[in-house]
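Each remark here refers to the structure printed beneath this line.
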Amino acid sequence: MITKKVNNVQEAITGIETGMTIMFGGFGLCGIPENTIAALVNTTISDLTCISNNAGVDDFGLGLLLQKKQIKKMISSYVGENAEFERQMLSGELEVELTPQGTLAERCRAAQAGIPAFFTPAGYGTEVAEGKEVREFNGKMHIMEEAFKADFAIVKAWKGDEAGNLIFKGTARNFNACMAGAGKITIAEVEELVPVGTLDPNQIHIPGIMVQRIFQGEKFEKRIEQRTVRQKN
């Protein structure tokens, strides 16, 4: 069995260079690859194009890379919760490509499946459709969207084995599942790394063939963007 295990996060990010395009799994702060992002913040890598549902918050997640001006362009579906993201976008310091959330997910999944492009009605008649091929299907207009082309896809899972098989937990599955295998190299950060044969094959969400590097992260904060609790009776 080929092992995909690397010794630490520094070894996992080997080969990531200035100017690359990187996918980051997660939704808000749920299921983000915390350790990998922190490791990239401690490098001099810059001019990154980042594909992610959003850019974290000001002091956590991709917000840390924004603070250090390491991101040149964000391809996202949501820009809320991050004042620095908003500031850089409005000032022209950051290039932003806003994409409908379903389209963002499908562009990841298409890349994962090796499908170069697809048609969707989402965004037709808006700025999203500018410059894109338009075709009619069943009386409805659709625009063509191309699959993403990323150098790296960085995902976070609950459990994984040394062959790269992954299991996600609850809503942390989100964009992680469709981004795994969607980049030239996929890095998986997991909470628990186990020997091959430990995981129940029926519970595996992503097969190891889609992962090139896997490591066990540490000290996960798992922050909550907006904590809401019931009033105490």
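If we count chymotrypsin sites (Phe, Trp or Tyr not before Pro) as exposed when they sit in a DSSP loop and have at most 16 other beta carbons within 10 Å, what is the longest stretch of the chain that avoids them all?
Details: sites that count: 124, 220.
Longest run free of exposed loop sites: 1-123.
Looking at the chain, what % of its DSSP beta bridges pair antiparallel, to the nearest 5? If you can, show how the numbers build up before the last one.
Details: 13 of 42 bridges.
Expressed as a percentage, antiparallel bridges in the chain total about 30.
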Task: Pairwise label distance in nanometres, residue 14 with residue 101, each label 7 Å out on the Cα-Cβ vector - done: 3.8 nm
Task: Linear extension gain, residue 133 paired with residue 192, 0.36 nm per residue minus alpha-carbon span - done: 16.8 nm
- [ ] Report the accessible area of residue 107, computed with a 1.4 Å probe over the heavy atoms of all protein chains in place, in Å² rounded to the nearest 10.
- [x] 30 Å²
TODO: Kindly report, to the nearest 10 Å², the accessible surface of residue 87 as traced by a 1.4 Å probe over protein heavy atoms only.
DONE: 100 Å²
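Heavy atoms only, probe 1.4 angstrom, no DNA, RNA or ligands counted: give me 2, 143, 45 ranked by accessible area, highest first.
Values: 2 125, 143 0, 45 20 Å².
Highest to lowest solvent-accessible surface, that is 2, 45, 143.
Give me the percent of DSSP beta bridges within region 44-167 that run antiparallel, rounded to the nearest 5. Walk me through the numbers before you get to the answer.
Numbers: 11 of 19 bridges.
If we restrict to bridges inside region 44-167, about 60 percent are antiparallel.
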- [ ] Work from the charge dipole of region 67-193 (Cβ charges, +1 for Lys and Arg, -1 for Asp and Glu, about the Cα centre) and give the residue of 148, 160, 104 farthest towards its positive end.
- [x] 160
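With Cβ to Cβ distances under 12 Å as the rule, what net charge do the other residues near residue 43 carry (K, R +1; D, E -1)?
0
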Task: Computed magnitude of the charge dipole of the chain (debye, nearest 20; Cβ of K, R +1, Cβ of D, E -1) - done: 500 debye
- [ ] Please work out how much accessible surface residue 89 shows to a 1.4 Å probe, ignoring ligands, DNA and RNA, in Å² rounded to 10.
- [x] 60 Å²
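The values are calculated or read from the model by the stated rules, or taken from the named source; none is laboratory data. Quick caveat: nothing in here was measured; it's all calculated off a predicted structure. Glycine gets a Cβ as well: all are built from the backbone with ideal geometry, and neighbour counts include every protein chain shown. To get the accessible areas, we keep the full protein, side chains included, count just its heavy atoms, and leave off ligands, DNA and RNA. Shrake-Rupley method; radii C 1.70, N 1.55, O 1.52, S 1.80 Å.
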